[in-house]
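See structure below.
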């Protein structure tokens with residue numbers, strides 16, 4: 001079987017049919033008409049009043065939007081949301097947008113135009129800066145000690161509406177919902193605590209687990225910080241497969257059920273070799289590592305995991321520590337963070353997520369944006385082509401090795417027949 005990839009400069013690979021367990025991809029179910037989906041979601045919100053009944057004339061409204069690393073079609077949602085606010089008597093001057101980009105780089109003007117459409121110029125738009133203490137407010141700590149620190153704009157608005165999409169997530173089980181606040185517009189202390197808590201658990205313990213403890217923590221934190229409402233979508237490709245509006249927890253949980261149906265795939269068993277593309281998380285390794293977070297859930301312990309990605313912006317420009325430190329065994333990273341030897345704990349967390357995979361699999365990288373030297377620094381064996389990577393994997397795993405291919409690895413949720421969801425994988 002010949003297989004191609006959605007990246008210019010990365011050629012095809014020929015897979016022996018006798019070795020192939022299968023090519024697995026998220027489902028693309030029949031899609032209802034998009035306007036009807038959005039209109040119905042806003043007319044029949046889950047666990048909350050309709051926006052036009054909740055808002056009041058003179059209310060200051062803050063719309064929270066994710067950035068260009070996420071596929072949420074914000075420009076297609078805004079006409080319906082704005083119509084609801086207008087019906088309540090809210091004026092344009094009272095509506096603002098905050099780009100909740102976490103620790104990502106600022107969006108360019110072209111990216112803002114693409115994300116927001118004509119609303120880029122119609123409303124005042126801010127971009128969150130997680131390191132700027134002057135922009136942050138501290139709401140205190142949750143009972144477990146989690147610091148509730150986020151953009152102070154939330155504190156001064158009457159209605160805070162989170163926009164986003166519900167997909168699979170390495171830490172929160174599913175994206176969307178309260179994640180637009182934590183870590184979307186969180187301060188450094190909150191974002192670091194959020195990321196490192198995820199590093200203390202394996203992908204299998206969190207991904208696709210709807211009510212995991214880290215999700216429940218951000219739900220509580222976002223409520224305290226003022227998140228009132230969400231409008232979230234589930235995407236199949238670029239199309240809206242479902243829209244969920246209302247209470248930040250109740251509406252989100254309803255959307256998770258659809259997301260699991262779209263993104264979860266079942267493999268009969270773990271494969272000796274897994275080839276995974278990072279789409280749609282392709283910008284840099286910080287994003288494309290989502291491919292190995294899903295890939296580790298499909299590969300045998302000590303198997304070979306091949307990540308195929310463009311990553312045009314390299315490894316992690318927003319967190320230089322990822323390349324500066326490079327791969328370190330997970331146990332060493334734990335000791336260094338506990339001993340306050342690493343200043344950027346968020347970067348250390350991504351190194352830890354990666355180390356959990358590299359410590360238990362032979363990781364190979366094919367990328368047009370990450371050099372061979374950089375690949376080695378982060379613990380991967382570099383390969384020029386996917387065909388070369390496959391041959392490298394066969395040499396390590398043997399000529400009879402089984403192969404699984406994961407399409408849209410930045411979104412997919414592999415599930416293995418007979419493995420309990422949320423359980424830590426067994427040692428080899």
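Every number here is computed from the coordinates shown, using simple stated rules; none is lab data. Computed from a prediction, not measured in an experiment: that's the story for all the values here. Here the Cβ positions follow ideal geometry from the backbone for every residue, glycine too, while neighbour counts run over all protein chains shown.
Assorted remarks:
- Shape category assigned to the stretch 147-268 from the gyration tensor of Cα positions, a/c cut at 1.5: oblate
- Comparing 416, 364, 171 in a Gaussian network model of the chain (Cα springs below 10 Å), the most mobile by mean-square fluctuation is 416.
- Between the Cα long axis of helix 345-358 and the first principal axis of the chain there is an angle of about 30°, rounded to the nearest 10.
- Whole-angstrom gap from the stretch 356-428 to the stretch 296-349, using each part's C-alpha centre: 15 Å
- Global form of the stretch 277-378, assessed from the alpha-carbon gyration tensor, a/c cut-off 1.5: oblate
- Relative contact order (%) - criterion: Cα under 8 Å, at least six apart; region: the chain: 19 percent
- Global geometry of the stretch 46-117, whether rounded, prolate or oblate, following the gyration tensor of its Cα atoms and the 1.5 cut on a/c: prolate
- On Cα atoms only, tilt of 34-43 relative to the major axis of the chain in degrees: 50 degrees
- Here the Gaussian network model covers the chain, with springs between Cα atoms less than 10 Å apart; of 143, 248, 29, 143 fluctuates the most.
- Gaussian network model of the chain, Cα within-10 Å springs - most flexible of 307, 413, 42: 42
- FRET efficiency for the residue 142 to residue 20 pair, using the beta carbon distance and R₀ = 51 Å, is estimated at 0.60.
- The stretch 92-156-the stretch 200-225 distance, computed between alpha-carbon centres (Å): 21 Å
- DSSP bridge orientation in the chain - percent antiparallel, rounded to nearest 5: 25 percent
- Each peptide in 257-270, 108-121 was scored by the mean count of other Cβ atoms within 10 Å over its residues; highest first, the order is 257-270, 108-121.
- Degrees between helix 188-199 axis and first principal axis of the chain (Cα, 0 to 90, nearest 10): 40 degrees
- Sorting the segments 161-168, 231-238 by their residues' average number of neighbouring beta-carbon atoms within 10 angstrom, most packed first, yields 161-168, 231-238.
- Using the alpha-carbon positions of the stretch 34-261, Rg (one decimal) and Dmax (whole number) come out as 16.2, 48 Å.
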